[in-house]
Amino acid sequence: MNTVESLKYFIPELILLVGAFFVFTIDFFVKNKRIVSGLTLLTLTLSLCFVKQPETALPLFYDFFHLDNFAHFFRYFALIAVFITLLLSYSYTPIRNQYEGEFYGLFLFMAFALILVATANNLLMIFLSVEFLSLLSYLLVGFLKNDRKAKEAAIKYLLFGSVCSAIMLYGMSLAYGASGSLELSTIGNTFFFAPFKPLALVAMLFFLVGLGFKISMAPFHMWAPDVYEGAPTPVTAFLSVAPKALGFAILFRIMAVGFLSLGRPPSLILTALSMLTMTLGNITAISQNNMKRFLAYSSIAQAGYILMGLAVLSKLGKESILIYLLAYLFTNLGAFAVAILVEEKTGNEDLAAFSGLSQRSPVTAAMMAVFLLSLAGIPPLAGFIGKYYVFAAALQAKFIMLAVIAAINSVVAAYYYFRIVRLMYLTPASGPVFSAAPKSITVVLCLTLVVVLAMGIFPSFFLDRILS
Amino acid sequence: MIIPLAHILIFSLLLFATGLYGVLVRRNIIGILISIELMLNAANINLIAFSKSTSLSPETGQIFAIFVLAIAATTAAVGLAIVLALYRVRKTVYTDEVHLLKW
C-alpha cells in the first residue's frame, strides 16, 4: 500500500506526532504547566478514539508499518500504558518545575515509538523503532536534574542498551547476508535451507541479546534494578511494563516469522533462559529493602513467566503472552501507583515505609494487597488468569520441566509478596494517618483495581476481545 | 581488484571483537562510547559487503547502513549529553567511580 492510501489507517499515530510537537511548542509559551499536561491527555484520548481494528493485515507504507491484529492489540496497550503513566506523573512532586512540559511531550513520542515497535516487520524498522524507544527511555530515566542516582541510572542504561543493540545489529547484518533481504518473511524462508541453519542460530542468539535486554531476560537483566531504582518512579512504572511488553511483541514476531524453521533449538534456549530469569528474579527479590528495587526484581521474575509462553512458540503460547501482558499491565501499574503514593506521603522509598500502612491508610493498604496477590497469581485476580494460560501453554507443548520449575518459583514469589502484606497489616504504624491522595493517583488506583478484579472474575469478556 | 567477501567478513568480525573488548575493559565512559561506535561500524561493513554480493536487492543493505550511521550519531549525542550531566553532579567519567546503586 502506498503512502497516500496508508494515511487514513495511520490517523492515531499522526495525532500522537502532531500532538507531541504541539506540546513542545506550547511548552515554550505557557507558564501554567497544567495546560500542557491537559493537552497531552487530550492528544492520547483523541488518538485512542481513532484506533480502529483492521479487518485484514494491512501492509501500510509498503509494509514498513505492518498493521495486523497482533499490532492492533499493542496499539491499545501502548496508549493505555502511556495514559496511566502520565496520570501518575501529574502528582509526582520531584518533576514539578523541572521542564515538566518536555517530560509529557517525550511520553507522546514514547507512545508513537511503542506502536512502531509493535508494527515493525523488517530488520530496518525493528532496529530503528527499538533504538527510538531506547533513546527516549535513556532520556526519561535521567530526567531529574541534579539527581545523583538518576544520572547514574541513565548512564548505566545507556551503556548497557547501546552495547546490546550494537550486538543485535551485527546479528541483523548476518541475517541480511544470508537472505539478501530485510523482510522477516524472506529471511524466514531462507533459513529453511539446511546450509543456513548454523548461521540462523547465531543470528538468533544475537537477536536474543538485543531484545533480551529490553525484556530484562536473565543474563542481560543487570541494568534493571539499578535503572528502576534511580529513575523517577512514574518512569520506573512505565519501563517495567510498556517497553518490556513491546520487547516481547517484537521478539515473538521475530521468532515466529524469522526463525520458525529452526525447530527445537530456539524453544530449548528460551526454556533455559525462562527458568534462569524467573529463578534469579525471585531469589534476589527476597532480600530487597527498597520498594522500587523489590518491584524491579519482581518484574524480572514476571518476565521469566512470560518467556514460558514465548518458549513454546505455539498459538496458545501467543495468546498466553497477550493475556499475561494485559493482566501484568494493570497489576504492576496499580502496585506502582501505591508505591508513588506512599513515597509522596512519607518521602521514603524503603519497604519500611509500608509498615503499618493498614492503619495509616486502610484503603491504600487493601488495594496494594490486591495488586500483590494478583502479581503472585492468586485467584480470582487478573494475575491468576495470566499464569493459568502460561502454564496451560507450557503443559500443552509438553514442557513439563519448565512448568514444574515455574510452579516452584510461584511459591517463592508468593512468600515475598506476602512479606509486604504482612508488613502492611501486622507491624505497628510508624507515622500519622495519610492525608487525602491526589486525584490523579486515585483515578489510576480505581481504574487498575477495577480491571484487575474484573479480569479475574469475568475473564471471558477480556479473553474474547484479546483472542478475536 | 575485488576483495573476496570472506576477507571483509573476517575484518568486520575483528572490528566487532575489538569494540566488544573495548566495552568490557575500558573504565572511561567516553572510551566505552567509542568502542560501541566500532561495533556499529563492524555491522555497517557487513551490510555493505553483503549488499555487493547478494543479487536480490543490493540497495537495501546500503540504505540500512546509512540509517545506522544516523542512529549512531543520535546515540552519541544522547550519550554525551548524559555523560555531561553525570559529570556535573558526580565529577567523574569513570565507570568504577559510579557506584551509588547496587544491591
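Our note on the geometry: Cα centres of segment A:65-134 and segment B:71-103, 24 Å apart. Farthest towards the positive end of the charge dipole of segment A:206-300, among the residues A:F207, A:L239, A:T284, is the Cα of A:F207, using unit charges on the Cβ of Lys, Arg, Asp and Glu. Which lysines, if any, have their Cα less than 19 Å from the Cα of A:K387, not counting same-chain residues under 8 positions apart? Output for A:K387: A:K244, A:K315, A:K318, A:K398. Within the same chain, lysines fewer than 8 places from A:K52 are excluded, and of the rest, those with a Cα less than 19 Å from its Cα are A:K8.
In summary, the lysines within cross-link reach of A:K31, defined as a Cα separation below 20 angstrom excluding same-chain residues under 8 places away, comprise A:K145.
When you count the other C-beta atoms within 10 angstrom of each residue and take the mean per peptide, A:46-55, B:35-44, A:361-370 line up highest first as B:35-44, A:361-370, A:46-55. Mean per-residue shielding of peptide A:307-318 is 0, counting Cβ atoms of other chains within 10 Å of each Cβ.
Surface exposure of the protein assembly as shown, expressed per residue as accessible area with a 1.4 Å probe, stands at 38 Å².
Within segment B:1-94, list the trypsin sites (Lys or Arg not before Pro) lying in a DSSP loop whose Cβ has at most 13 other Cβ atoms in a 10 Å radius. Walk me through the intermediate numbers first.
Values: sites: B:R26, B:R27, B:K52, B:R88, B:R90, B:K91; in loops: B:R26, B:R27, B:K91.
Filter output for segment B:1-94: B:R27, B:K91.
Distance from the C-alpha centroid of segment B:13-30 to that of segment A:315-359: 38 Å, rounded to the whole angstrom. Comparing Cα centroids, segment A:145-180 and segment A:234-271 end up 16 angstrom apart.
Across segment A:284-290, rounded Karplus estimates of 3J(HN,Hα) from the backbone phi angles (6.51 cos²θ - 1.76 cosθ + 1.60, θ = phi - 60°) give 6, 5, 4, 9, 7, 10, 9 Hz, Gly and Pro being marked x. Put simply, chains A and B cover up around 3700 Å² of each other's accessible surface, both sides summed, when a 1.4 Å probe is used. Starting from the Cα of A:F192, move 7 Å in the Cα-to-Cβ direction to define the label point; list residues of segment A:251-276 whose amide nitrogen is under 15 Å from there. Flagged as within label range: A:257-263. Checking every one of the trypsin sites (Lys or Arg not before Pro) in segment A:279-366 against DSSP loop status and a limit of 16 other Cβ atoms within 10 Å picks out no site at all.
Where in segment A:58-90 is the amide nitrogen less than 18 Å from a point lying 7 Å along the Cα-to-Cβ axis of A:E5? Answer for this model: A:58-68.
The values are calculated or read from the model by the stated rules, or taken from the named source; none is laboratory data. These figures come from a predicted structure and were not determined experimentally. Counting neighbours? That spans all protein chains shown, and the Cβs are built from the backbone with ideal geometry, glycine included. Heavy atoms of the whole protein, side chains included, go into the accessibility calculation; ligands, DNA and RNA do not. Shrake-Rupley method; radii C 1.70, N 1.55, O 1.52, S 1.80 Å.
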